[in-house]
Structure formats: C-alpha cells, structure tokens
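The values are calculated or read from the model by the stated rules, or taken from the named source; none is laboratory data. Quantities reported herein were computed from a predicted structural model and do not represent experimental measurements. Note: ideal-geometry Cβ built from the backbone for every residue, glycine included; neighbour counts use all protein chains shown. Please note that ligands, DNA and RNA were not included when accessible areas were found on the heavy atoms of the full protein model with its side chains. Shrake-Rupley method; radii C 1.70, N 1.55, O 1.52, S 1.80 Å.
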Amino acid sequence: MRETSFALSMALIRRIADEFVRGWQYVRLFGLISWFHLFKMAGNVIDKREGIIEQHIARLMSRRILEVVRASVHVEGTIYCTGIENYAVAANHLSYLDWVLLLA
C-alpha cells in the first residue's frame with residue numbers, strides 16, 4: 001500500500017515538473033520569436049531587395065526554436081542534393097514545426 005502511494009506521488013511530481021518545463025518553454029519561445037521578429041524588421045530596413053539578412057535571421061531563429069523544444073533532427077539523403085542550386089521543398093505537415101525544420 002505504501003509503495004503504491006509513493007509511486008503515485010512520484011508520478012505526480014514528475015507530471016508537475018513536466019508542466020513547469022513546458023510552461024518555461026512557452027515563455028522562452030514567445031520571447032525568442034518576439035526578439036527575432038524585431039531583428040528581422042530591422043534587417044528588412046537595411047536589406048530591402050535581397051532578403052539575405054532576413055534569411056540568416058530566420059535560419060538562426062529556427063535553430064534556437066529547435067533547441068528550446070529539445071528536438072533532435074536527423075537528415076538523410078543529403079548526398080543526392082549536391083550541385084542543386086534551384087529547388088522547391090514541400091512539407092506534408094506532420095507537425096507545426098515543419099517550417100522550423102525547413103528554415104533550420
């Protein structure tokens with residue numbers, strides 16, 4: 001009886017800790033995306049035609065988002081992409097992080 005209540009209390013503590021981690025991730029993501037959008041707007045003022053600054057900022061933001069949500073990414077088949085300069089990418093929307101992966 002005592003072991004069961006201990007296991008339940010440990011499960012509850014783990015659940016509460018997970019919720020705190022998730023809440024902290026939301027706060028970090030909101031701050032991260034807000035700051036990067038400010039930098040992106042400044043980059044658009046500086047680099048109006050090319051958009052190179054905006055691309056670098058978006059790539060950096062995407063990598064930071066993946067760090068915050070603790071996602072590990074494994075890419076396969078990059079050997080088939082050598083020498084390709086013009087391409088199109090289509091995502092099948094398995095998650096809300098498709099755009100993050102494509103930009104990162």
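Which residues make up the longest stretch of the chain clear of GluC sites (Glu not before Pro) that lie in a DSSP loop with no more than 16 other Cβ atoms within 10 Å, not counting the sites?
1-49
Where is the GNM fluctuation largest for the chain (alpha-carbon springs, 10 angstrom cutoff): I13, I33, I65?
Top of the fluctuation ranking is I13.
Magnitude of the Cβ-charge dipole of segment 1-103, K/R +1 and D/E -1, about the Cα centre, nearest 20 debye?
380
Longest exposed-loop-site-free stretch of the chain, with trypsin sites (Lys or Arg not before Pro), DSSP loop and at most 12 other Cβ within 10 Å?
Result, exposed sites excluded: 1-47.
Taking the Kirkwood radius as the inverse of the mean 1/r across Cα pairs, report the Rg/Rh of the chain.
On the Cα set of the chain, Rg over Rh gives 1.17.
R0 = 25 Å: FRET efficiency of D98 with R15, Cβ-based, nearest 0.05?
It comes to 0.30.
Per residue, how much accessible area does segment 29-104 show when a 1.4 Å probe rolls over the protein heavy atoms, in square angstrom?
85
Pop out the carbon and sulfur fraction of the accessible area of the chain as a percent, whole number, probe 1.4 Å.
62
Which is the longest stretch in the chain that no exposed loop site breaks, taking sites as chymotrypsin sites (Phe, Trp or Tyr not before Pro) with a DSSP loop state and at most 14 other Cβ atoms within 10 Å?
1-86
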